[in-house]
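Written below as structure tokens is the structure these notes are about.
The values are calculated or read from the model by the stated rules, or taken from the named source; none is laboratory data. Computed from a predicted model, the values in this text were never measured in an experiment. Positions of Cβ are backbone-derived with ideal geometry, glycine not excepted, and every protein chain shown enters the neighbour counts. Note: accessible area is taken over every heavy atom of the protein model, side chains too, but ligands, DNA and RNA are not part of it. Shrake-Rupley method; radii C 1.70, N 1.55, O 1.52, S 1.80 Å.
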Amino acid sequence: MSQPIVECVPNFSEGRDPAKIRLITDAIAAVPGVRLLDVDPGPDTHRTVVTFVGAPEPVLEAAFRAVRTASQVLDMSVHHGAHPRMGATDVCPFVPVAGVTMDDCAELARRLGERVGRELELPVYLYEHAASRPERRNLAAVRKGEYEGLADKLKDPQWAPDYGPARFNARAGALITGAREFLIAYNVTLNSRDKAHATDIAFSLRERGRVARRGQTSAFYSSGRELRYAEGCFPCGSCALDAPTFEALEAHCQEVHGYDLSRLLRLNEIDAAQGVVGQKAYMPGLFPHCKAIGWYVDSYKRAQLSINLTNYRVTSMEAVLEAARRMAAERGLVVTGSEIVGLVPFQALAAAGRFYLRQQGKSPFVPVPDLLETAVFSMGLADVAPFDLEKKVLGLPARPARALAAMTCADLADEVSRATPAPGGGSIAALAGAMGAALASMVANLAQGRTRSPQEEDTLLEAAEQGQRLKDQLLQAVDQDADAFNAYLEARRLPQGSAEERAARQASMQEGLKLAVAVPWATAQACFEVIRAADRAMASGNPASITDALVGAQMGFAGLRGGIWNVLINLKDIDDPAFTDDLAARCARLLTEARALLEGAVAYGDGKLAVMLDRKLGKETP
Ligand SMILES: [Zn+2]
């Protein structure tokens, strides 16, 4: 459905020379289909973070060209900066944004590594989700020793590179590439200018937590006195207990509070194995994969919690925001809104929209614009700066520009009626299916919260979700069908002078026909699901909606028949018996199943209507 999008965020060991940085970013931007989103040079760290997105193959190509350019124009033997680094291209992660999995991104990292090793002869290490062994998952562990220790590291068989020669390259160092989750930079804004107010909440949210305190004199945690571990007295950061030994405290934290104290201390750069007497005591924060501090933003005149969410699938924006709202209220503060810095994946914002719709007792399966509007309003995303969906959201499902689907009903009817072969029955079949899906979703959403059982509620939610998904898919097919047919027509217009030209034309026409078949076949399959969704919605929905559901089921069937007819008419011209026989048989099976499903739905609906009519006429029913 949505176009596959991968984000790539390479870091280059050059933050001061704009000309050199330009050579690298030009190499990226030169690849068609790649969008360069951000170039962030840091003079102090002497590195530049570049962000670009696109479909997987162009992104992979751009990443390779950037690594190659960096290896040619940068020289690590004279590089010094404040940030750990190992090579000219220091780290190059691939990030799934839409329509691709983490495994797909790990595969991109492996392909980049293989090519860099082979063509540029640089040592390459894989990390995080692409790591070849557990001890290489952590970036800091792979980068340990940095550029200066790389020559020795390469001699250690434990650290043989994943790709490329185990040979030190003084100019370019080594490349570290891998796959990781999308990082969301998310700020929560308070009705206060006091940075300490924001910090007090931020520290309670973030994974590494905060120094433990007791004896608070106000609602602010920081008003308590700091706790330290002492001989014979190891205070718990999460309750009033003082344990006699560190081991006893560790067991207590695990059993009573469910966290690993040594790990918490490690996050705060304390090694429990070295002894903790004299060290500050810590309490954990609420959320894993969450980093947070408080700060004051002069241009907004507000204090904010500045948050990095490193895995939004585990710790979401809405979860952190609701916790922040709770904690702010406890402290007499108000969260006025929140802000997404840079970009956000569509799925993350859609999940927030669904969360807030559920909070309101509404169906979370509503059209995409409604879903995103709910998220923006609920999170107060336009509080301190405008929030432009088109600019901020990655992987926003596109409404096609030259769209039949974007026409008014009257314009579309006119367009169909013109003496051109497309748009024709295929597009209208898809449109019928889309309307059927919309009705199924409507019936399910209308009955939300008025069902007799949780099972019925689940059935309705499922029908609403299916209806929305199928509606969007079939609306796309309205235009896809017209385009598929156009490809075939174009092939027919190819020259047929020489034998070669005739063969090429024939091959293109065959390709065009197979493409023209794929779209209506997908329409037919989707329409089958439409009938099913309408049927389910009717069975659990309001009696008043029965006719809506019946119309939905009939439209679904019309779409299905139309899809199958459009498959069959093109099959007769395809010279590939195995392909045509198989598809024809599948069409026949789908039609048989659809007929039975529709008959059942109609019989059920008609039966219910008959009962209603009989009541109206005062008749008894058996
Ligand atoms: Zn405790």
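Were the residues from residue 103 through residue 239 laid out at 0.36 nm apart, the gain over their Cα-Cα distance would be 44.8 nm. Just tell me the longest site-free run in the chain, where the sites are GluC sites (Glu not before Pro) in a DSSP loop having at most 10 other beta-carbon atoms within 10 Å. Longest site-free region, per DSSP loop and neighbour criteria: 270-619. Taking a ≥ b ≥ c as the square roots of the Cα gyration tensor eigenvalues, with a/c under 1.5 meaning rounded and otherwise prolate when a/b beats b/c, else oblate, which class fits the stretch 77-131? It is oblate, given that a/c is not under 1.5 and a/b is not larger than b/c.
Remark on residue 337: its backbone amide H falls under 5 Å from those of 189, a criterion applied only to residues 5 or more positions apart or on other chains, H modelled at 1.01 Å from N. The alpha carbon convex hull volume per residue for the stretch 101-257 rounds to 211 Å³.
Against the main long axis of the alpha-carbon atoms of the chain, helix 499-540 sits at an angle near 90°. Residue 132 to residue 314: FRET efficiency via 1/(1 + (r/R0)^6), r the Cβ-Cβ distance, R0 25 Å, to the nearest 0.05? Taking R0 as 25 Å, the efficiency between residue 132 and residue 314 is 0.55.
Compared with the dominant principal axis of the Cα atoms in the chain, helix 102-115 is inclined by about 70°.
I'd like the orientation of helix 18-29 relative to the chain: the angle between its Cα long axis and the longest Cα principal axis, in ° from 0 to 90, rounded to 10. The angle comes out near 30 degrees. The residue among 429, 51, 478 whose Cα reaches farthest toward the positive pole of the charge dipole of the chain, with charges on the beta-carbon of Lys, Arg, Asp and Glu, is 51.
Solvent exposure of the chain amounts to 47 Å² per residue of accessible area, where only protein heavy atoms count and the probe is 1.4 Å. So, counting K/R as plus one and D/E as minus one, what does the shell of residues with Cβ under 13 Å around residue 278 add up to? That works out to 0. Modelled this way, with points 7 Å down the Cα-to-C-beta line, the labels at residue 228 and residue 286 are 3.1 nm from one another. Normalised by the number of residues in the stretch 328-425, the average gap of Cα pairs under 8 Å and 6 or more apart makes the relative contact order 29 percent.
Sites listed here are trypsin sites (Lys or Arg not before Pro) in the stretch 364-442 whose DSSP assignment is loop and whose Cβ has at most 15 other Cβ atoms within 10 Å: 402, 418. Here residue 608 is the anchor, and the lysines within straight C-alpha reach of less than 28 Å, apart from those fewer than 8 places off in the same chain, are 362, 471, 616, 619.
With all protein chains in place and a 1.4 Å probe, the accessible surface of the chain carries 54 percent carbon and sulfur. Calculate, in whole percent, how much of the Cα-Cα pair population of the chain lies beyond 44 Å. Of all Cα-Cα distances in the chain, 39 percent exceed 44 Å. For the chain, relative contact order (Cα pairs under 8 Å, six or more residues apart, normalised by length) works out to 10 percent. Computed over the stretch 505-622, the convex hull of the alpha-carbon atoms projects to a mean area of 8.3 nm². Multiplying the residue separation of residue 171 and residue 501 by 0.36 nm and subtracting their alpha-carbon distance yields 113.6 nm.
In a fully extended conformation the segment linking residue 274 and residue 141 would gain 45.9 nm over its present Cα-Cα distance, using 0.36 nm per residue. Above 21 Å lies some portion of the pair distances; for the stretch 44-152, what is it as a whole percent of all C-alpha pairs? Counting every Cα pair in the stretch 44-152, those more than 21 Å apart make up 37 percent. Considering the zone a paramagnetic label at residue 450 would reach in this model (a point 7 Å from Cα along the Cα-to-Cβ line), which residues of the stretch 513-539 have amide N under 17 Å from it? Within reach of a label on residue 450: 537-539. Peptide packing: for 49-57, 212-220, the average count of neighbouring Cβ atoms within 10 Å per residue gives the ranking 49-57, 212-220, highest mean first.
Alpha carbon centre of the stretch 242-272 versus the stretch 26-45: separation in Å? About 43 Å separates the Cα centre of the stretch 242-272 from the one of the stretch 26-45.
At an R0 of 51 angstrom, the distance between the Cβ atoms of residue 158 and residue 415 translates into a FRET efficiency of 0.15.
Using only the Cα atoms of the stretch 211-254, each taken as one equal point scatterer with no solvent, compute I(q) by the Debye sum, divide by I(0), and report log10 of the ratio at q = 0.23, 0.28, 0.34 Å⁻¹. Normalising to I(0) and taking log10 leaves -0.75, -0.95, -1.19.
Normalised Debye scattering of the stretch 205-293 at q = 0.11, 0.13, 0.14, 0.26 Å⁻¹ gives log10 I(q)/I(0) of -0.28, -0.39, -0.45, -1.49, counting only Cα atoms as equal scatterers and leaving out solvent.
With equal scatterers on the alpha carbons only and no solvent term, can you work out the Debye log10 of I(q)/I(0) for the stretch 278-382 at 0.17, 0.18, 0.20 1/Å? After summing over all Cα pairs, the log10 values are -0.88, -0.98, -1.16. A straight Cα-to-Cα reach below 14 Å connects residue 153 with the aspartates and glutamates 162, residues fewer than 8 places away in its own chain not being considered.
Between the stretch 159-210 and the stretch 342-413, the C-alpha centres lie 28 angstrom from each other. A DSSP coil position with no more than 16 other Cβ atoms inside 10 Å describes the following trypsin sites (Lys or Arg not before Pro) in the stretch 552-622: 572, 619. Counting only residues at least eight positions apart within a chain, or on another chain, the lysines with an alpha carbon under 28 Å from that of residue 572 are 514.
Estimated from the Cβ-Cβ distance and a Förster radius of 56 angstrom, the FRET efficiency linking residue 611 and residue 579 is about 0.70.
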